[in-house]
Amino acid sequence: MNNNREHIALNAYLNLLERNGICKSLIRQRELVILKLVPYLEEIQSDGFSFRNAVDELFKQLDKSQWSTSLPVIRDYFSFWNNDIKAIVAMNQDHAFGVNPTEWKPIDADLKQIWNSLDEITLTISESQPLESYERALRKNGADDFFVVACKKLVKLLLLLLRSAPHKQPVAYRKALDANLTLFSSAEAYKVSLKVGREFYYFWKGDSRAPSLMQPALALAA
């Protein structure tokens, strides 16, 4: 039955790609990514936490060079797997599945240089508010000062990359997060940055459920 769930979702995803004019070779590439994930999804609950754990297990088996190309496909597939119609409609409106997806991309800059000068950059009120809410939730969940400071720095860079986004669209956030992830070479740092990006998304878009959607804290790599 659960195997059915995975393949029904995959067929819906691939059909939408085809309707949006994606060529067969690209559709096949995306299909192969999801087929690698399917064995990790069987018999798990249909929720974001279980899905993320499955993705993490898959990534342990994938070469790191495949992470950046696999992750956007997996993110798109999640809404089909979880039968989140509203999210699929929103992504479709953002042209996430079309031949010419939304052209916006984060600022073209030296991210390492920005990372090293983050303390000198002041956030706007609208940027600070979701970050402060995220910090409160981290502390409530028992995160220590070192972990909170590191998470805030990751989020601050993400917010700077999102400054020029036309509106709070999932496509823009995914692109900014993917740019963020290129900074980290170690698997553990990459994993923490991905976790923070996943969690902060709900604070960024103002979802009242954001604190309840957070994962257990991870220790940062030494």
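The values are calculated or read from the model by the stated rules, or taken from the named source; none is laboratory data. Values in this document were obtained by computation on a predicted structure and should not be read as measured data. No Cβ is skipped: glycine too gets one built from the backbone with ideal geometry, and neighbour counts run over all protein chains shown. Heavy atoms of the whole protein, side chains included, go into the accessibility calculation; ligands, DNA and RNA do not. Shrake-Rupley method; radii C 1.70, N 1.55, O 1.52, S 1.80 Å.
I need the full set of residues from the range 1-55 which are polar (S, T, N, Q) and more than 15 Å from Ser79 (Cα to Cα), in order please. Selection gives Asn2, Asn3, Asn4, Asn20, Ser25, Gln29, Asn53. Considered as a group, the residues in the range 17-64 that are within 26 Å of Ala176 (Cβ to Cβ) and polar (S, T, N, Q) include one that is farthest from the chain's Cα centre (by Cα), and that residue is Asn20.
In this structure, Asn20 does not qualify as without any contact (Cβ under 8 Å) to a residue 12 or more places away in the chain and either closer than 30 Å to Lys156 by Cβ or touching a Phe, Trp or Tyr at 6+ places or on another chain (Cβ under 8 Å) (or both). Selection over the range 122-143 of residues that are open to solvent by 90 Å² or more (accessible area, probe 1.4 Å) and under 20 Å from Leu213 (Cα atoms) gives a count of 6. For beta carbons closer than 9 Å, sequence separation of 6+ or different chains, a first residue in the range 79-95 that is under 21 Å from Arg5 (Cβ atoms) and free of Cβ contacts under 8 Å to residues at least 12 places away in the same chain and a second that is open to solvent by 30 Å² or more (accessible area, probe 1.4 Å) and assigned to a helix (DSSP H, G or I), the qualifying pairs are Asp84/Phe78. Listed by first and then second residue, the pairs with beta-carbon distance under 8 Å, at least 6 apart or on different chains, first residue in the range 127-145 and of a type in the set (S, T, N, Q), second exposed (fewer than 13 other Cβ atoms within 10 Å of the Cβ), are Asn141/Pro216.
When the residues of the range 146-172 are narrowed to those that are in contact (Cβ under 8 Å) with a residue 24 or more places away in the chain and of a type in the set (Val, Ile, Thr), which ends up nearest to Asp110 (Cα to Cα)?
It comes out as Val155.
Determine which member of the set Trp81, Trp67 is at pLDDT 90 or above and within 17 Å of the chain's Cα centre (by Cα). Just one listed residue meets the conditions, Trp81. Here Ile125 fulfils each of the conditions (1) modelled with pLDDT of 90 or more; (2) touching a helix residue (DSSP H, G or I) at 6+ places or on another chain (Cβ under 9 Å); (3) among the β-branched types (Val, Ile, Thr) apart from (2).
The rows are residues; the columns are (1) over 19 Å from Asn53 (Cα atoms); (2) open to solvent by 50 Å² or more (accessible area, probe 1.4 Å).
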residue	(1), (2)
Arg5	no, no
Asn11	yes, yes
Glu18	yes, yes
Gly21	yes, no
Lys24	yes, yes
Gln29	yes, yes
Leu37	no, no
Tyr40	no, yes
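Applying the criterion of being out of contact with any Pro (no Cβ under 9 Å at 6 or more places or on another chain) and over 21 Å from Asn53 (Cβ atoms) to the residues of the range 178-206, the residue that is least open to solvent (accessible area, probe 1.4 Å) is Leu183.
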